[in-house]
Structure formats: structure tokens, C-alpha cells
1. Could you give each residue of region B:155-171 its phi-based ³J(HN,Hα) in whole Hz, using Karplus coefficients 6.51, -1.76, 1.60 with θ = phi - 60°, and x for Gly or Pro?
2. If you count only protein heavy atoms and use a 1.4 Å probe, how large is the accessible surface of A:Asp87, to the nearest 10 Å²?
3. Please list A:Tyr226, B:Tyr253, A:Tyr88 in order of solvent-accessible area, largest first, computed with a 1.4 Å probe with all protein chains present.
4. At 20 °C and a viscosity of 1.002 mPa s, what translational diffusion coefficient does Stokes-Einstein give for chain A, taking Rh as the Kirkwood radius over Cα pairs? Give it in µm²/s as a whole number.
5. Please compute the net charge surrounding A:Arg112, taking Lys and Arg as +1 and Asp and Glu as -1 over other residues with Cβ under 13 Å from its Cβ.
6. For the interface of A with B, what's the total buried accessible surface in square angstrom, probe 1.4 angstrom, rounded to the nearest hundred?
7. Using the Kirkwood radius over Cα pairs, work out the Stokes-Einstein diffusion coefficient for region A:1-139 at 37 °C and 0.692 mPa s, in µm²/s as a whole number.
8. Calculate, for the protein assembly as shown, the solvent-accessible area per residue in square angstrom, rolling a 1.4 angstrom probe over the heavy atoms of the protein chains.
Amino acid sequence: MTGVQPAIRLTGLTKSFGSVHAVDGVDLDIIEGEFFSMLGPSGSGKTTVLRLIAGFEQPTSGTISLLGQDVTDRAPFDRDVNTVFQDYALFPHMSVLDNVAYGLRVRGVAKRARHEQARQALDTVRLGSFADRKPSQLSGGQRQRVALARATVVQPKVLLLDEPLGALDLKLREQMQVELKELQRTLGITFIFVTHDQQEALTLSDRIAVFNEGKIEQLGTPAEIYERPASPFVAAFVGTSNIFDDTVSQTLLGRAGTHSVRPEKVSVTTENRPLSADRTAAGVLAEVIYVGSSTQLIVDLDAGTRVVVLEQNDAHRVATNGRGARVTVGWNDSDIVTLAPPVLTSHP
Amino acid sequence: MRLSRPARGLLAAITAVVLALIYLPLLVVFVNSFSTSQNLTWPPPGFTLEWWAKAFQSDGALDAVLTSLQVALASTAVALVLGTLISLGLQRFEFFGRDAISLLVILPIALPGIVTGIALNNAFRTGLGVQLSILTLIIAHATFCIVTVFNNVIARLRRLGTSLEDASSDLGAGIWTTFRLVTFPQLRSALFAGGLLAFALSFDEIIVTTFTAGSSVKTLPLWILDNLFRPHQAPVVNVIAVVLVLVSIIPIYFAQRIAGAEKVVR
Ligand SMILES: Nc1ncnc2c1ncn2[C@@H]1O[C@H](COP(=O)(O)OP(=O)(O)OP(=O)(O)O)[C@@H](O)[C@H]1O
Ligand SMILES: [Mg+2]
């Protein structure tokens, strides 16, 4: 990370469409060279933030600066950022090579030089032999790579990616995730990556901003977001969480406030067997769901709440007891995350 | 899709009747252009090339064809430029009164020609105080030629969406470069289709033409109308009609070719 100046700085950024506040007062610094993800449910304003940064939309209020320069009022062609669109937006009437060379062409680079550079860019995404094809003759994953090459060949300061893997199947998606990460390391440019897939965001990012209803709900490293969710929304949206409200927390944890614990941090055993945990609770096995490397157990606690437990598929498994069996669950205090302070009650 | 035998037979018969209704009269015109009868009696008493020779020697007819071509080409050119600009303006920018303007642009094609004709005649002569000429005729034709271009282009723009233009501007292209390298190539076939229609509309327009052409300007439809009922000219009119049919096949053929080629690319 070079210098103190952020690659992108958003201050008080707001965008309203009529009565809809698509982006609602976002303040954000994105550091140069980082892989930054915006994660959030559909309609939370991720695309709108990206379009504001690219310059396709004008903010209702707030400013955008790029490497210390205010670019709020600049046209898209006057900003040193490039976008990989969700639908790729390749020019259908141009060959793959001309698509990739387009940014150089409009900058006045001579034909030979720009074709040379475009070929190199195509080689980095391993599409060198497809240069003469039309975009319609490529598969989804290949189009996606052409879009990447086209956006990176002009060496932008910041690359914006709007769910670039959204249209791909799972296998290709995972492969492209690795390639994206490698590309970002080689090019050393800032990536701003939009996704609603929490797994993707956790795997790829240096930092993540979790969006909800046009606001940033939490900003942090993947580990911080996953292990220390700051609100019930984040705890529920990123991964699976057992969330205990104020009353349940008091019975189960002996403290007030809203808390959460991850399913893999909850241990489980058949009733009356010892369990090394700070706190335990008894219940009935309600559901057993096999998920490959592990098994998900849903336990109805006697305390009146339901918890999800993730159990590794090794020898002494509780899962084999089947539904209806009585079990004990337990967790350590250090794995409990406080999501919200206690509800204030009037003094007696 | 599979159809039963009787259904296929019926469909074939209906198709044959419809095609016959369209093309038999054209065939009659074709045959009559070689007829020795001056007043188009049927069946023709004999055949001759006299009318064809006459037609190609008749200054009136050739001048009329040239005038019509000039008017149609010029009004189509005006329509292509203005129609494209209007549709870009209406489809790509938001502003107050957008829908009203859109309606006003389309209206001329729905207005009865006689109304447009009288209105423009008044506007040119009393309103603006200009002499009717080939220029006033071109302007008059452009008012409805714009509509076909506009309709084709705006439909294409709507279907195209803005993502390609966004991508182009994102990659550093200004508005004009984006239009030249991205939008225009996508519009080409729509412009061709719209222009072809505009050309055809202008070429055989007679009502508006009557009211807006200067007295010395004779377009082909005006010439035909003048000559059809003069006994010695009727067969020559038929010759002109045949030539026109042959000439109109050419652009239709190219339009089909372009449409076919586009499907392959997509
Ligand atoms: N051009 C527009 N006109 C009106 N409303 C819009 C427009 N663009 C976005 N919105 C609204 O703004 C909100 C945020 O939209 P946005 O596209 O930024 O969401 P998103 O987080 O990208 O969602 P997704 O994951 O579904 O892509 C939504 O409620 C959407 O309906
Ligand atoms: Mg989106």
C-alpha cells in the first residue's frame, strides 16, 4: 500500500431515484492496490455506487475523488477508471482483437501498436488464438475474459467489476476467481468488485464493505466481517449465524444484548456425555442435513430457541443418532459476538 | 410444425389467390406495355416495342423520373439525418415534454395527405412568402419521411440499451467517437430499412406533392396522372410502370440480403 492518499474517496455520497434512496450517505476510502469488495443483497445499491464511480450517474449529493482529484463532475471518458460490465457489453460488430484494442484506438494509438498490445492482453487471459472471432462466437467465460482484457489494456488506476462472474456456472466461477486474484496481483491495480455472493467476497478480498439499503453496514477484512459481524444484518447475511435476541441471550448466555455464534463454533454431543465448553444447553435434534464434508444439525433447545450446528463427518458423530434424539450443545464465551447492546429498560 | 394434408392444400390455395391478386394486375400492365392497342383493350390485339422506344425518347417521362429521384433522395437524406438526431435525443436524454415531442414527430404520417398538403401550401406561400419549388417539395416530403426513419431508429436504440455506449465512454471515447464507432454501426440496418421506406413513400407521393411542388416541377406520379388519360400516351405509362417495378425490386433485394446477413452475425 503506497502513500496515504486513497485510490478512491467517497464522501457523503447519495443517489436518489425519485423517492428511492439507492445510495444513502456513503463515506469510503479505498486504498491503492487493494482488492476491495462491495457485498450486499439485491437492491442494496452496489451497482449504483459503481456507476457513480465510473461516471454513468451523477450523485444527488456528495463527492468522488480519484487519487486525490475531485472527479465528481467529470464525464466517464475523462476518468481513469474502467469497468467490467455484468453483461460484458462487448461490441458485437467488432472482432475480439478490435474490442480489446478499442480503448487504445480512441486514445489515438496507431493500429500496429494497439494490435500488438491487445494481443498481449489477450495472451494474459489465455485467449490469444481467439483474436479474430466475433464476441458471439465465444462462450460465457471467454467473453468475460475478453471484457477483462479490454478494460485492463488501457491500464486504468482502478478497475470496477460488477458481478463479473454472475453469469458463469459454479466450476468456471471458481476457476475465474483464482484467475481474477492472480490478475490483480500481476497488474497491481485497485479492484473494486461487486458481488452478492458472500463466499466469493470472503475468498477474494483484502477488505469488504457490506451494503444494506444504500448504506455501509460494516467495513473490514474478511476475517473481521465473518468472525466479528457488527450487526444482526451482517451476521445473517455473511455466512450462517445463530442469533440470540435479548431475552434468549439472558437465559442462554447470562448476559443482556443481541449475540451471535457461528454454527461451526458450536459443539454438540449425545446427552449425558461430557462436553468441554464454557456454556452448555440441552435440546432435541430436529433435523440432520448432510452437506458433504460436514453435517448440519438443527437443534431445538429446551430454552425455546433453535440453533444450527456444523459437525465434521468423523467417527463419533451425533448425527447418527437421528432425529428426535436428545443432545447437548455448547460454546465458548470467546466465540460469542455481541451484535447489539442490551435493550435499555427503565430503572426500578 | 406439421400440418395435415387438407390444411396444407387450403393454405397453398389461399396463398396462391393472394399472390395472384397482387401480381396479376402487374402482369397485365407488363403485357399491355407491348400491346398494339392504344386504349388498353384486353386481350391485346398484337405486340410491339413501339411504346418502349417512345418512352425512352419521351423527355417528359425521363425528366419526371429524374425529378422524382432527386426529390426522393434529398428528402430521404434529410430524413436520415434529422430522424437519427431526433431519435437519439428522445431515447438517450431525459427532458420535459419528451413524450409530447415524440408524438408530434410521428403525427405527420397519420395526418391525411390533403391536410398536410394544404397546411404546408399555406405556410410556404402566405406564411413564409416563398415560391413553391423543388425545395418546398423536398421539405414537404421530409416531414413524413422522417417518421419512418425515426420509428426504425428509435426501436433499435431501445432494444440496444445504453450498455454498449456506456462501455465505449468508459474506455475513453467521447460522444462523437462513440456514435461513429459503436452506435452508428448498430444502427446501420435500421437506417437502411427506414431510408428505404422513406424513399418509397416519397417516390410515389402525389397528394402532398400536388400542393407543395412548384408548377414547373413534374414528379413521376404527377406526370403519369397527366398522361394516363391521354389516348396516345397510355401504353407509355405502362412502360414506365414496368420499369418502376423492375427498379423497386433492386432495393428490396438488398434489404432482404442485409436482413439475412444480420441474422447470421447475431
Ligand atoms: N435508473 C434507476 N432508476 C430508478 N431506480 C433505480 C435505478 N437504478 C437503480 N435503482 C434502484 O436503486 C436501488 C439500488 O439498485 P442497485 O442496482 O444499485 O442495486 P444492487 O445492489 O446492484 O442490486 P443487484 O445485486 O440486484 O444488482 C434499487 O432499489 C433499484 O431499484
Ligand atoms: Mg447490481
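1. Here the 3J(HN,Hα) series is 5, 5, 4, 4, 5, 5, x, 9, 5, 5, 5, 4, 4, 5, 6, 4, 7 Hz.
2. Estimated to the nearest 10 Å², A:Asp87 gives 90 Å².
3. I get B:Tyr253, A:Tyr226, A:Tyr88, largest accessible area first.
4. 94 µm²/s
5. Neighbour charge sum, excluding A:Arg112 itself: +3.
6. Counting both chains, the buried surface is close to 1800 Å².
7. The estimated diffusion coefficient comes to 190 µm²/s.
8. 51 Å²
The values are calculated or read from the model by the stated rules, or taken from the named source; none is laboratory data. Treat the numbers as computed from the prediction; the structure is a model and nothing was measured. Here the Cβ is made from the backbone with ideal geometry for all residues, glycine too, and neighbour counts use every protein chain on show. Surface accessibility is based on the protein's heavy atoms, side chains included, excluding ligands, DNA and RNA. Shrake-Rupley method; radii C 1.70, N 1.55, O 1.52, S 1.80 Å.
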